[in-house]
Every structure is written in structure tokens, then in C-alpha cells.
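Structure first, then comments.
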Amino acid sequence: MDFSLSEEQTILSDMAYKFAKQELGPLAHESDKEEIYQAGVVKKAAELGMVGAWVPEQYGGAGVGCMGNALITEQLCRVDMGNASSIITASFGCEAIWLYGSEEQKQEYLPLVCSGRAVSAGAFTEPDAGTDVAGYNTRAKAEGDDFVINGNKMFITNGTVCDFFVVQAITEPEGKRHARFSQIIVPADSEGITRNKIKGKMGIRASDTATVAFEEVRVPQANLVGTAGRGFYQLMHFFDTTRPMVAAQALGLSQACLEAAVKYSKERQAFGQPIGSFQLIQQKLTEMAIRIEALRGLVYRSAWLIDAGKPDYTLAAMAKYFGGQTAVFCANAAVEVHGGYGYIEEYEVERYYRDAKILELYEGTKEAEVVTVGGVLMKG
Ligand SMILES: Cc1cc2nc3c(=O)[nH]c(=O)nc-3n(C[C@H](O)[C@H](O)[C@H](O)COP(=O)(O)OP(=O)(O)OC[C@H]3O[C@@H](n4cnc5c(N)ncnc54)[C@H](O)[C@@H]3O)c2cc1C
């Protein structure tokens with residue numbers, strides 16, 4: 001057993017961190033404050049192979065697998081989770097195409113996204129159903145060679161900036177509850193689509209989030225991804241591969257919190273000495289460091305298992321659950337170490353604190369991860 005990164009992985013990780021420091025760092029504050037989606041930075045990242053890096057080379061990706069993608073994600077989020085999210089999610093939804101799409105769909109869509117010529121979005125959540133994935137109501141009715149789609153989607157990342165969506169919709173209304181869904185590729189410029197940016201998010205404010213309405217939107221039935229009626233199961237499998245990446249986001253953000261807290265602990269004086277000399281401060285730093293190391297193990301192992309062809313959805317849910325908790329814990333501790341200065345935007349930990357919370361909410365709330373892991377434990 002060897003826990004060390006390969007030379008290529010170390011180079012990849014260093015490259016991603018350097019890029020983040022140079023390109024994301026200077027934009028972080030303004031993007032957050034003004035809620036600016038930075039298309040230019042996504043394009044630059046794509047040029048370096050960091051968009052859809054998990055996509056195999058034959059389809060235009062960097063072919064670094066989920067492990068390589070986790071390293072990139074970690075290092076980008078170590079600098080700025082908002083703009084990092086725009087880069088990481090520029091291929092969101094394409095996991096479905098990779099896992100279940102036809103050869104033609106892979107050839108058409110994956111290179112577009114990896115090269116930065118297109119941005120994708122996964123349109124699953126609806127205003128009345130998020131965690132209840134089988135409770136979605138968007139319909140895709142077969143008419144001739146087309147689907148006609150009607151429904152509303154909520155909280156869609158890249159909703160106003162993407163070029164196409166992978167939409168979760170009911171195609172088999174008469175089927176059993178979980179057997180009614182399909183996944184369909186829908187070009188964003190299709191007639192009948194209305195998209196509106198959701199403003200005023202607590203964190204990751206550089207990332208584009210939108211409501212998307214489909215009214216009589218017509219796409220060819222050839223845009224079906226995978227098997228009609230299997231969409232629910234396809235989406236569950238999809239999340240098994242994306243949850244370790246959310247945990248990798250948490251890992252990078254947690255690391256940023258620790259680094260900021262250690263730096264400040266050495267600089268800030270109280271009672272005639274650096275606050276880092278107080279053991280109560282050291283305890284916070286130590287707790288952060290231990291949790292980060294534990295999280296790193298979960299992230300790397302769950303990503304490595306996917307690349308090894310042995311995805312472990314329980315481990316992926318554990319990584320996602322622990323990742324969110326670790327990020328929230330570390331961001332909170334980092335603010336506390338900064339005292340009152342942690343509460344003002346001049347210090348980055350204020351942004352980290354707001355950015356962290358989403359990691360307990362999207363792609364499965366922490367409660368949803370407990371339901372997954374708990375269910376497995378009770379079966380065993
Ligand atoms: C910034 C942002 C970006 C997002 N990006 C995307 C995206 O790109 N695509 C997309 O499709 N969605 C996206 N989402 C949606 C996100 O995945 C959902 O918000 C999330 O799944 C929760 O769904 P909900 O908000 O409807 O909450 P609900 O499902 O209504 O949950 C409300 C509360 O009830 C709890 N709960 C629900 N069911 C159970 C249960 N069985 N047991 C215990 N507790 C339960 C939840 O844990 C939560 O605490 C995004 C959300 C945000 C905020």
C-alpha cells in the first residue's frame with residue numbers, strides 16, 4: 001500500500017494551485033461582492049485541461065480520472081470556492097453523458113465542454129422537490145420524433161450561462177414512482193426556455209445559479225441519455241461519482257481556513273504574545289488539521305475507487321457528509337481565531353464562512369447522506 005501521490009499527480013496539484021493563486025485569487029473578492037460569473041477564467045482553466053479533467057482523452061478531456069479531478073478541485077477551492085465552482089461545474093451534467101450516453105453523444109458534447117467551447121448544467125432539482133428525487137414533476141412527452149418538455153427547475157448551477165442542460169424529466173407517467181424518469185440533453189437556446197439568475201446567495205456568489213422554466217420545449221428523442229425510465233437510477237449513480245468531488249471542494253476550503261488561521265495566529269498579539277502560543281487557539285488549529293487529514297483520506301480513497309472501477313456509494317456519501325461538516329467546522333474555527341476581524345470582509349475567512357455552508361446542502365443534504373449511510377448500516 002502506498003499513500004503518496006504519483007509525480008504526475010503532484011505536478012497536476014501544484015499546477016492547479018498556481019493557477020488558482022494567479023487567476024482566481026485576484027478576482028475572488030469582487031466576484032463574491034458583485035456576484036460576477038467569470039467566463040474568462042473558466043475558459044483559461046479549460047485551456048489548461050482543468051474543465052472536465054476526468055473525461056478520458058479520447059473525448060477531449062485531460063484523462064486524469066476522478067482522483068486527478070479531486071486534486072484540481074481541492075487546489076482551486078483552496079483559493080476561491082466561488083470561481084472554483086464555476087470551473088468545476090462547467091461540465092456538470094456531463095457525467096450522465098459519460099456514464100450512459102451514446103457514442104455519438106460522447107463525441108459531440110464532451111469535447112465541447114472540455115475545450116471551453118460550451119458549458120453544461122445538470123437540471124434536476126425543482127421548486128417543490130429537491131431531496132425527493134422521485135418527486136420531480138417536469139414532463140417530457142413523446143410527440144413524433146421529439147420530446148416536448150414542460151416544467152420548472154430550481155437552483156440550477158450555470159443556469160443562465162450554460163449552452164446545454166441535462167434535464168431530469170418524466171417520460172413514463174404510467175410507470176412505478178421511481179421508473180418514470182429519463183435524462184434528456186436540451187440545448188439552452190431552445191425555444192420555450194426562460195432562465196433567471198438567483199441573486200443574493202449566502203456564498204459561492206461567483207457561481208451562476210438560476211431558475212429554469214421549460215414551456216413546450218421541443219428536442220429530438222435522440223437526445224435521450226441512456227434508457228427511458230431509468231433516469232432515477234442513472235441520477236443516483238451520477239451522484240456516486242460527483243459526491244467525492246463536493247467533498248474535494250470541502251477539503252480545499254478547509255485547508256484554506258487552516259492556513260489563514262495559522263498565519264493569523266502567528267501575527268496577532270494578545271497579552272504580549274502571539275495568540276498562537278495560547279493552547280486554546282492551538283486546540284482549534286489541531287482540531288482543524290486532524291479533520292482535514294481524515295477528510296483527505298475519504299476524498300482520495302472514494303475518488304481512487306471510482307477510477308479503479310469499484311465505486312463505493314456509501315463511502316462517497318460519507319465523504320460528502322464529513323466534507324460539509326469539516327468545512328463548516330473549519331470556517332467557523334477560522335473566524336473565531338480571527339476574533340472580530342473574522343467578521344469583516346477585509347479578511348478572507350469571512351467569505352470562507354459563507355462559502356462553507358453550501359457543502360452541507362447541495363448534491364445531497366447532510367441529512368440525505370445520513371439516510372444513505374444509515375440505510376446501508378441497517379441492511380448489513
Ligand atoms: C447554490 C446551489 C446550487 C445548486 N446547484 C444545483 C444544480 O446544479 N442542479 C440541481 O439539480 N440542483 C442544484 N441545487 C439544488 C440542491 O441540490 C438542493 O437544494 C438540495 O438537494 C436540497 O433540496 P431542497 O432545497 O429542495 O430541500 P428539501 O429536499 O426540501 O429539504 C429540506 C430539509 O428537509 C430535509 N429532508 C428532506 N428529506 C429528508 C429525509 N428523508 N430525511 C431527513 N431529512 C430530510 C433536508 O435534509 C433539508 O434539511 C443547488 C442548490 C444550491 C443552493
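The numbers here are math on the coordinates, done by the rules we state, and not lab data. Because the structure is a prediction, the values reported are computed rather than measured. Positions of Cβ are generated from backbone atoms using ideal geometry, with glycine treated the same way; all protein chains shown enter the neighbour counts.
Results, tabulated for the structure shown:
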quantity: Length gained when the stretch residue 134-residue 107 is fully extended (0.36 nm per residue, less Cα-Cα span); calculated: 6.7 nm
quantity: Sites matching chymotrypsin sites (Phe, Trp or Tyr not before Pro) across the stretch 2-38 that sit in DSSP coil, with at most 15 neighbouring C-beta atoms within 10 Å; calculated: 3
quantity: Extension reserve of the residue 10-residue 218 stretch, reckoned as 0.36 nm per residue once the Cα distance is removed; calculated: 70.3 nm
quantity: Total charge dipole magnitude, the stretch 233-379, about the Cα centre, Cβ charges on Lys, Arg, Asp, Glu only, Debye to nearest 20; calculated: 300
quantity: Helix axis angle, 231-267 relative to the chain longest principal axis, alpha carbon, degrees; calculated: 20
quantity: Difference of contour (0.36 nm per residue) and Cα-Cα distance, residue 22 to residue 179; calculated: 51.8 nm
quantity: Euclidean distance between Cα centres, the stretch 340-380 to the stretch 247-312, Å; calculated: 15
quantity: Taking the C-alpha atoms of the chain, convex hull volume expressed per residue in Å³; calculated: 140
quantity: P(r) weight above 18 Å for the stretch 117-164, C-alpha pairs, percent; calculated: 41
quantity: Isolated Cys residues of the chain, judged by Cβ distance under 4.7 Å to other cysteines; calculated: 66, 77, 94, 114, 162
quantity: Dipole-positive endmost among 207, 155, 265 within the chain (Cβ charges, Cα centre); calculated: 265
quantity: Fraction of antiparallel bridges per DSSP, the chain only, in percent to nearest 5; calculated: 85
quantity: Residue 47/residue 365 FRET efficiency (R0 30 Å; Cβ-Cβ; nearest 0.05); calculated: 0.30
quantity: GNM flexibility winner over the chain from 257, 162, 77 (Cα, springs under 10 Å); calculated: 162
quantity: Given charges at Cβ of Lys, Arg, Asp, Glu: the stretch 7-114 dipole, positive-most of 39, 90, 24; calculated: 24
quantity: Calculated SAXS-style log₁₀ I(q)/I(0) at q = 0.16, 0.20, 0.22, 0.34 Å⁻¹ - the stretch 49-90, Debye, Cα scatterers; calculated: -0.35, -0.53, -0.62, -1.11
quantity: Given charges at beta-carbon only (K, R positive; D, E negative), |dipole| of the stretch 120-229 in Debye; calculated: 500
quantity: Kirkwood-Stokes translational diffusion coefficient of the stretch 120-229, alpha-carbon pairs, 25 °C, 0.890 mPa s, µm²/s; calculated: 176
quantity: The chain, dipole about Cα centre (Lys/Arg Cβ +1, Asp/Glu Cβ -1), debye to the nearest 20; calculated: 740
quantity: Trypsin sites (Lys or Arg not before Pro) within the stretch 43-122, DSSP loop, no more than 12 other Cβ atoms inside 10 Å; calculated: 117
quantity: Folded to 0 to 90 degrees: helix 65-77 orientation relative to the chain principal axis, Cα; calculated: 50
quantity: Taking 27, 295, 253, 361 and counting other C-beta atoms within 10 Å, the order from fewest to most; calculated: 361, 27, 295, 253
quantity: The chain, helix-only ellipticity at 222 nm - DSSP H runs n ≥ 4, -39,500 (n - 2.57), divided by all residues, nearest 500; calculated: -16000 deg cm²/dmol
quantity: Normalised contact order of the chain, rounded percent, pairs of Cα under 8 Å and 6 or more residues apart; calculated: 16
quantity: Relative contact order for the stretch 145-267, counting Cα pairs under 8 Å that sit 6 or more residues apart, in percent; calculated: 32
quantity: Virtual spin-label span in nm between residue 343 and residue 267, 7 Å along Cα→Cβ; calculated: 2.0
quantity: Flagged links, alpha-carbon separation over 26 Å, of 176/201; 106/357; 197/263; 176/199; 284/357; calculated: 176/201; 106/357; 197/263; 176/199
quantity: Folded to 0 to 90 degrees: helix 366-379 orientation relative to the chain principal axis, Cα; calculated: 80
quantity: Cα gyration tensor of the stretch 1-147 - equivalent ellipsoid semi-axes, whole Å, descending; calculated: 29, 21, 15
